[in-house]
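Engineer: Following this message is one structure expressed as C-alpha cells.
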Ligand code: GLN
C-alpha cells in the first residue's frame, strides 16, 4: 500500500493570513481528485484545549463528534471536506507537555533527562503520524499555528524538519503562507517580508517548497520571479492568494493557480485526474445568485468578534444557498437590549437567533429578545444557552414563575427551570468536563423538529453543563412549551418548541457544528425558509395597505 504523504502548512510575516482556509482549500482539491485527505491543526499555546478559553481570545470553540473541544479551523476543515474530524486532528502544546509529563511520571523514560529535543519533538512527530497510521488517508495536511520565528513554535518547526528528513522529499513538503504587502505610497508590492520569513524558516533548517502569497493585488511575473529566486522555490511554486469575497471561492482560486498540481508533482503523486467540484460550484452558484433576502438578528454577547460565532455564520451561508436566499446577519449585543431598545433593535428583523454562551452577562437582553420573538411570531432559533433562555422566558412570562432562572446565573432562584444534572454537581475541574460531543435524540411526531429532520432519531453535538429541568415539564407542556426532542436514554430534553407560533425552536445542542457545504444543516435550512416566509408576508401586508 502506498505511503501516506504529509503536507505541512506554516505561516510567516503576520498572523491571521488564513492558513486554515488555504489548508482546507488544498484538501478540498485533493479530495476532489479522489485522494483521501485529512487536516490537523497544531496549536502552540499551553492550554490543553481551547475549551477553557474565552471566545474573545481565539474565537469559537469547535466541538467534534467525539467531544473534543478544538480550534475553529477544524470547523473549516469539516465544512469544506464534509468529513468528521476528532481529537487527533487538534493538538496543543499543553496536550503535548501533559502527555510527556505523564509518561515521565510513569517512569517511561527510564531515568533519562526529559527535554524539548527529543521528547517533546518526538511526541509532536507521533501525533502527526498518528493520522497517517493504518493508511486511512493518502494525504495528511498539518497546519502549524502561529507565525515562524515565534518562540513557542520552535519545537513544532524542529519536529517538521526531522519528519521531512526522515520521510524524504517525495513524502513530505512544506507550504509557507506569507504576506506580500502593497505600499500605496510606492505603488508597489513588496517581497522583502516574505524573503525574511523564508530565511527565518531556513535558520531552523526548514526549506519552503511552495509559497502561498496573500496579497491585495495580482502578483506580476516579475514579482513571482523575484520571490522564486530569493526564496529558493520554482516559479510554478509561487502561488498567489488574492483577497476573496468569500472563503468558498478559495478552492477554485487555488485550482487556477495550480496549487494542487504543484503539490502532487512534488509528492510524486499522479495528477492525471481533474478535481470534480461540481457540487461545490453548484453551491457557489446558489450562494452568489440569491432570489430573496432576509435579515436575521444574531443576539449574543461576544458579537464584537465575528469569529466567536463562526460556525453559526457559516451555517447561515450554507442554509442561505440551499434556499437561494441572501442572509444578512445583524449582530446585536445582548447587553444593549432592554425594554426600551428592543423594538428598535428587533422589530425589522425576519428571524432571531439567540446564541450560545456562558455566565450571567447579557442574559436579560437575551430573554427580552426571546419574548419579543415569541409574542410577535417572529421565527426564532435558540441554541444551547439560547434554548435555555427561551425556557426561562416562558417560565417567567407565561407560567408567571417570578425570578425563574438557570442555576448557572442565580444559584438561589426559586424556580430553577434550568439546572445542573446530579453528576455535574460533583465536577470541580472546568476543562473538558461538560456534556460534550455527539448524543442521541428522539424526535416526537407532529413537531417542527420531526418534519425538519425527516426522521425520528438524530445525533447532535453538545457543549454545556446545564439542562432543562424536567420537574417543570408538565406545567410547560400544558401551557404550550413542548419538549419535542428527548435523549432516549437519559430523558434529558434536547429540543423545545412553542405551540401557536409559526417557527419557534430551541435546541440544547449545537446544530451549527454539523453544517457543511455538501450537507447544510436541516434546522438552519428550515429556519431560513421560515424567515423568508415571514419576510414575504410582511411585504405582502405592507403592499396591501
Ligand atoms: N452555559 C450554558 C451551559 O453550560 C450553555 C452553554 C452553551 O451555550 N454552549 O449549560
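The values are calculated or read from the model by the stated rules, or taken from the named source; none is laboratory data. Worth saying up front: this structure is predicted, and the values here are computed from it rather than measured. Cβ atoms come from the backbone with ideal geometry, glycine included; neighbour counts cover every protein chain shown.
Engineer: Given (1) at positive phi; (2) over 19 Å from the mean Cα position of the chain (by Cα); (3) within 15 Å of the ligand (Cβ to nearest atom), identify the lone condition not met by residue 446.
Structural biologist: It fails just one condition, (3).
Engineer: Right, another one. Would you confirm, using the coordinates I've provided, whether residue 417 is more than 22 Å from residue 308 (Cβ to Cβ) and within 12 Å of the ligand (Cβ to nearest atom)? So that I can check it myself, show each step before the final result.
Structural biologist: Values: more than 22 Å from residue 308 (Cβ to Cβ): yes; within 12 Å of the ligand (Cβ to nearest atom): no.
It is false that residue 417 is more than 22 Å from residue 308 (Cβ to Cβ) and within 12 Å of the ligand (Cβ to nearest atom).
Engineer: Determine which single condition residue 373 fails, assuming it passes every other condition in (1) more than 16 Å from the ligand (Cβ to nearest atom); (2) in contact with a helix residue (DSSP H, G or I) (Cβ under 7 Å, 6 or more places away or on another chain); (3) within 16 Å of residue 355 (Cβ to Cβ).
Structural biologist: Of the numbered conditions (1) more than 16 Å from the ligand (Cβ to nearest atom); (2) in contact with a helix residue (DSSP H, G or I) (Cβ under 7 Å, 6 or more places away or on another chain); (3) within 16 Å of residue 355 (Cβ to Cβ), the odd one out for residue 373 is (2).
Engineer: Limited to region 305-347, what total is found for residues that are at pLDDT below 95, in a loop (DSSP other than H, G, I, E, B) and surrounded by fewer than 23 Cβ atoms within 10 Å (Cβ to Cβ)?
Structural biologist: Final tally of qualifying residues: 6.
Engineer: Shifting gears a bit: Go through region 387-414 and report how many residues are surrounded by 18 or more Cβ atoms within 10 Å (Cβ to Cβ), away from the ligand (no atom under 14 Å from the Cβ) and closer than 15 Å to residue 471 by Cβ.
Structural biologist: The number of residues fulfilling the criteria is 5.
Engineer: Right, next: Do we find a residue being surrounded by 13 or more Cβ atoms within 10 Å (Cβ to Cβ) and away from the ligand (no atom under 16 Å from the Cβ) anywhere in region 457-465? Please lay out each step first, then the result.
Structural biologist: Step one: list which residues in region 457-465 are surrounded by 13 or more Cβ atoms within 10 Å (Cβ to Cβ), which gives 458, 460-465.
Add one more test, that the residue is away from the ligand (no atom under 16 Å from the Cβ), and what stays is 458.
Looking for residues that are surrounded by 13 or more Cβ atoms within 10 Å (Cβ to Cβ) and away from the ligand (no atom under 16 Å from the Cβ), one finds at least one in region 457-465, hence yes.
Engineer: Please enumerate the residues belonging to region 348-369 that are within 16 Å of the ligand (Cβ to nearest atom), under 11 Å from residue 297 (Cβ atoms) and in a loop (DSSP other than H, G, I, E, B).
Structural biologist: The one that is within 16 Å of the ligand (Cβ to nearest atom), under 11 Å from residue 297 (Cβ atoms) and in a loop (DSSP other than H, G, I, E, B): 355.
Engineer: Modelled with pLDDT of 95 or more and surrounded by fewer than 20 Cβ atoms within 10 Å (Cβ to Cβ), is that true of residue 290?
Structural biologist: Working: modelled with pLDDT of 95 or more: yes; surrounded by fewer than 20 Cβ atoms within 10 Å (Cβ to Cβ): yes.
It is true that residue 290 is modelled with pLDDT of 95 or more and surrounded by fewer than 20 Cβ atoms within 10 Å (Cβ to Cβ).
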